Amino acid sequence: MKIYTKTGDKGTTSLVSGKRVSKAHPRVEAYGTVDELISYIGVVRSSEIDPQYKDILHKVQNRLMICAALLANDGMNDKLPVINEKDITLLEHEIDTMESLLPQLEYFILPGGNQVSSFCHVARSICRRAERCAIGLTEKFEIPEIVIQYLNRLSDYLFVLARKLAKDLNADEIYWIPEK
């Protein structure tokens, strides 16, 4: 099978059901943003970080593939894999573990400090955009609520991971303190 099919040459693509839609369709925007997030998490995962984080991020990428499929599903396929509560619980456990090792947050943080924590902040902001796209879909289409919950918790995880990696790599957190 060739990578190119030429079926998208006129600006359309297929949803899970096979229905053709514009590549500007809100579903395509939503799952495309999740795809972007999966790629950026790959950048974080390929960095020199603790193997435990790499393992969690690999699991996250797998769950995001499910999220993308669910966002691309226009209700015609009920045999897709699912996201479940244990996926969210895993993120919450990881957040709690990392936060117990970090100083309490007193200010907003400006991304920076070191490259890998900056990558996490970029992934976090892409995740927030994916969440907004998914929420936008709920205004017109039925989307599993757990997808939005997962994306919301994942953005929190990526924020805390950015802080933890900055600490692990002895980088300063850069606080936003409004000038008066």
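Annotations for the structure displayed:
- Flag for VAL44 being touching a Ser or Thr at 6+ places or on another chain (Cβ under 8 Å), assigned to a helix (DSSP H, G or I) and surrounded by 20 or more Cβ atoms within 10 Å (Cβ to Cβ): no
- Among residues of segment 94-110, those that are free of Cβ contacts under 8 Å to residues at least 60 places away in the same chain and surrounded by 12 or more Cβ atoms within 10 Å (Cβ to Cβ), counted: 2
- Listed by first and then second residue, the pairs with beta-carbon distance under 8 Å, at least 6 apart or on different chains, first residue in segment 34-49 and under 15 Å from ASN62 (Cβ atoms), second charged (D, E, K, R) and in a helix (DSSP H, G or I), are ARG45/LYS54.
Here's the yes/no breakdown for (1) under 28 Å from LEU102 (Cα atoms); (2) not in a helix (DSSP H, G or I):
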site: LYS140; (1), (2): no, yes
site: ASN152; (1), (2): yes, no
site: ASP156; (1), (2): yes, no
site: ARG163; (1), (2): yes, no
site: LYS167; (1), (2): yes, no
site: ASN170; (1), (2): yes, yes
site: TYR175; (1), (2): yes, yes
site: PRO178; (1), (2): yes, yes
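- Failed condition for GLU94, given (1) among the acidic types (Asp, Glu); (2) part of a helix (DSSP H, G or I); (3) within 29 Å of PRO26 (Cβ to Cβ): (3)
- Residue among ILE135, ILE146, ILE126 that is buried (at least 20 other Cβ atoms within 10 Å of the Cβ) and among the β-branched types (Val, Ile, Thr): ILE126
Here is a yes/no grid of residues against (1) modelled with pLDDT of 90 or more; (2) surrounded by fewer than 17 Cβ atoms within 10 Å (Cβ to Cβ); (3) part of a loop (DSSP other than H, G, I, E, B); (4) touching a Ser or Thr at 6+ places or on another chain (Cβ under 8 Å):
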{"residue": "GLY8", "(1), (2), (3), (4)": "no, yes, yes, no"}
{"residue": "ILE38", "(1), (2), (3), (4)": "yes, no, no, no"}
{"residue": "TYR53", "(1), (2), (3), (4)": "yes, no, no, no"}
{"residue": "LYS59", "(1), (2), (3), (4)": "yes, yes, no, no"}
{"residue": "ILE66", "(1), (2), (3), (4)": "yes, no, no, no"}
{"residue": "LEU71", "(1), (2), (3), (4)": "yes, no, no, no"}
{"residue": "GLY75", "(1), (2), (3), (4)": "no, yes, yes, yes"}
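- THR33 vs. criteria surrounded by 14 or more Cβ atoms within 10 Å (Cβ to Cβ), more than 12 Å from the chain's Cα centre (by Cα) and within 21 Å of LEU137 (Cα to Cα): no
- Tabulated pairs, segment 58-69, first more than 12 Å from CYS127 (Cα to Cα), second surrounded by fewer than 19 Cβ atoms within 10 Å (Cβ to Cβ) and among the hydroxyl-bearing types (Ser, Thr, Tyr), C-beta under 8 angstrom, 6+ apart or interchain: none
- Members of segment 129-157 found to be touching a Cys at 6+ places or on another chain (Cβ under 7 Å) and touching a residue at least 60 places away in the same chain (Cβ under 8 Å), listed by number: VAL147, TYR150, LEU151, LEU154
- Screening ASP96 against (1) within 20 Å of VAL34 (Cβ to Cβ); (2) modelled with pLDDT of 95 or more leaves a single unmet condition, (1).
The values are calculated or read from the model by the stated rules, or taken from the named source; none is laboratory data. Being a predicted model, the structure only gives us computed values, none of them experimental. We place every Cβ from the backbone using ideal geometry, glycine too, and count neighbours over all the protein chains shown.
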